[in-house]
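Here the structure is laid out as structure tokens; the discussion comes afterwards.
The values are calculated or read from the model by the stated rules, or taken from the named source; none is laboratory data. Since the structure is predicted, the reported quantities are computational estimates derived from the model, not experimental observations. Cβ: placed from backbone, ideal geometry, glycine included. Neighbour counts: every protein chain shown.
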């Protein structure tokens with residue numbers, strides 16, 4: 001076991017309850033706080049494997065946990081925005097609508113699912129998507145347009 005693994009293990013034993021409580025106050029959800037706590041410590045372990053231990057382990061762990069919580073919040077907002085956009089709903093979409101969108105996404109061909117995920121959910125730029133998919137930006141825009149049209153048709157067919 002390396003020194004970094006030992007320090008992360010020791011930090012986990014020492015600070016996991018504090019980090020969990022911090023995340024529980026942020027999320028107000030026991031299960032989400034548990035998941036985020038585990039992810040924060042996994043992030044910490046990965047970072048420590050590439051660099052030296054911080055001066056204040058406790059403070060640094062809270063910063064890692066905060067970033068993890070913010071990232072999760074942003075991810076959920078993006079997913080809600082996708083649902084809102086696809087369904088043309090006001091600001092908040094319910095769980096049923098989100099499940100419908102997810103089911104419709106699963107019915108799309110892999111290439112169309114991929115372009116929707118890259119552009120709308122991950123909010124990647126068209127240039128980055130073009131490099132990833134090996135095409136130009138105009139082709140990416142056309143593919144996204146077609147994928148969204150097909151997804152809307154899937155959603156209207158199920159409603």
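Figures for the structure shown
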| item | result |
| --- | --- |
| Options 64, 82, 70, 101; residue that is touching a helix residue (DSSP H, G or I) at 6+ places or on another chain (Cβ under 7 Å) and either exposed (fewer than 12 other Cβ atoms within 10 Å of the Cβ) or at pLDDT 85 or above (or both) | 64 |
| Number of positions in segment 115-129 that are surrounded by 14 or more Cβ atoms within 10 Å (Cβ to Cβ) and either modelled with pLDDT under 90 or not in a helix (DSSP H, G or I) (or both) | 9 |
